[in-house]
Amino acid sequence: MSVLVTGGTGLVGRQVIAALRARGERVRALARTDRAAAELRALGADPVPGDLTDPASLVAAIPGTRAVVHAGAVVLSRRGWAHYHTTNVVATEAVARGCAEHGVRLVYLSSVAVYGRRTTYDGGAGTVTEEFGLDRPLYPGDHYARSKREAELAVWRVAADTGLSAVALRPCVIYGEADRHFAVRVAQLLRRGVAPLIGDGANPLSVVYAGNVAAAALRALERTDVVGAFNVANDGTLTQREFVERFAAGLGLAVRVVRIPRALAWSAAAAADGVLRLARPAAPMTTLKAAVQFLASANPFVSARAARELGWRPAVAPAEAVERTGRWYRDAADENTKTRGQAPGPR
């Protein structure tokens, strides 16, 4: 029997497919477009037509599988709460109910955002375990955090009603090859020759490599006797300065470090967020303050339970993972340069 992966062309989904295929497992993966289907075939997965906004298509893809890794979600969108709710909450509940109906194990890619991003950094390093709770306040307009919290609560409701065997993995900020959100912005910034650090740069960042999140997903597939929620937010210790330096090394760049006082960065971000909120009052949460909080704070999340109960061990050391990510963006830029330099082919 195969494993079904949603979000298979995404940052973690690609790594899950690669890890499963390396073990000789058959993989099905949800494909919304012909382009996605072609990409999934190249990864070694069998594409199955489906869309996160079409719950029936999600449920139809489950029969014949032994497990589902539900990694599909919208992370950033300007389409408002309704889109987040449909894509993240309704879809997740549909997958959970489909898994329960067919006796299939569910590994759900949740997020530490479920804890509420307003308070998670307040206690400092090593203060947020799985017992932190899902009732803390959210930033107004933080549609992603709200949707991930509601989606995970839906999984636990279905589990309580049906006996569904489910694990929810809660990573922090994920980076890696082909990252469309965080790492790509780091690469763009470092290519300008400047590496800004907020404060002294000595704080351990709350980041985790996508391949190491995939390793946790595989452990959750194997440990069918284990259920519940697990932080997957510590695959080693990388400070803000080390992350920037290793990423620049992967890019093959020498960059100049510029230190920005934390108070100045926070004030500037708050002012910019205020302007953006006035200009677009109905838009999702502006994230500059949240970005400063993330960059300038020590990683508060604890992943000891995943290590203890799932036997999770990161597959790639963090320094190598960051440098590997930088190399991917360097190679991608080189490939794009070569492509642009080619003469146009026949039409």
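In the range 16-36, which residues are part of a loop (DSSP other than H, G, I, E, B), touching a Ser or Thr at 6+ places or on another chain (Cβ under 8 Å) and basic (Lys, Arg)?
Residues of the range 16-36 that are part of a loop (DSSP other than H, G, I, E, B), as a first pass: 23-26, 32-33.
Add one more test, that the residue is touching a Ser or Thr at 6+ places or on another chain (Cβ under 8 Å), and what stays is 25-26.
Selection gives Arg26 alone.
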Looking at (1) at pLDDT 95 or above; (2) among the acidic types (Asp, Glu); (3) buried (at least 17 other Cβ atoms within 10 Å of the Cβ), can you tell me which one Asp161 breaks?
(3)
Matching residues in the range 295-316 - criterion: being open to solvent by 50 Å² or more (accessible area, probe 1.4 Å) and free of Cβ contacts under 8 Å to residues at least 60 places away in the same chain
Arg308
Residues that are crowded, with 20+ Cβ neighbours inside 10 Å, under 14 Å from Ala291 (Cβ atoms) and under 11 Å from the mean Cα position of the chain (by Cα), drawn from the range 176-217:
Val207
Would you point out which residue out of Thr92, Thr120 is in contact with a strand residue (DSSP E or B) (Cβ under 7 Å, 6 or more places away or on another chain) and at pLDDT below 95?
Thr120
Within the range 51-147, helices (runs of 4 or more DSSP H) holding 2 or more residues that are within 30 Å of Leu278 (Cβ to Cβ) and open to solvent by less than 40 Å² (accessible area, probe 1.4 Å)
81-84
Out of (1) in contact (Cβ under 8 Å) with a residue 40 or more places away in the chain; (2) more than 20 Å from His181 (Cβ to Cβ); (3) of a type outside the set (A, V, I, L, M, F, W, C); (4) open to solvent by 40 Å² or more (accessible area, probe 1.4 Å), the one Asp34 does not meet is (1)
Just one of the numbered conditions (1) part of a loop (DSSP other than H, G, I, E, B); (2) among the hydrophobic types (A, V, I, L, M, F, W, C); (3) surrounded by fewer than 19 Cβ atoms within 10 Å (Cβ to Cβ) is not true of Trp156; which one?
(1)
Give me a count of the residues in the range 27-45 that are of a type in the set (Gly, Ala, Ser) and within 16 Å of His70 (Cα to Cα).
3
Strands (runs of 3 or more DSSP E) fully within the range 198-280 counting 3 or more residues that are at pLDDT 95 or above:
207-209, 228-232
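The values are calculated or read from the model by the stated rules, or taken from the named source; none is laboratory data. Just so it is clear, the model here is predicted, and its values are computed rather than measured. Cβ coordinates were reconstructed from backbone atoms using ideal geometry, including for glycine residues, and neighbour counts include every protein chain displayed. Please note that ligands, DNA and RNA were not included when accessible areas were found on the heavy atoms of the full protein model with its side chains. Shrake-Rupley method; radii C 1.70, N 1.55, O 1.52, S 1.80 Å.
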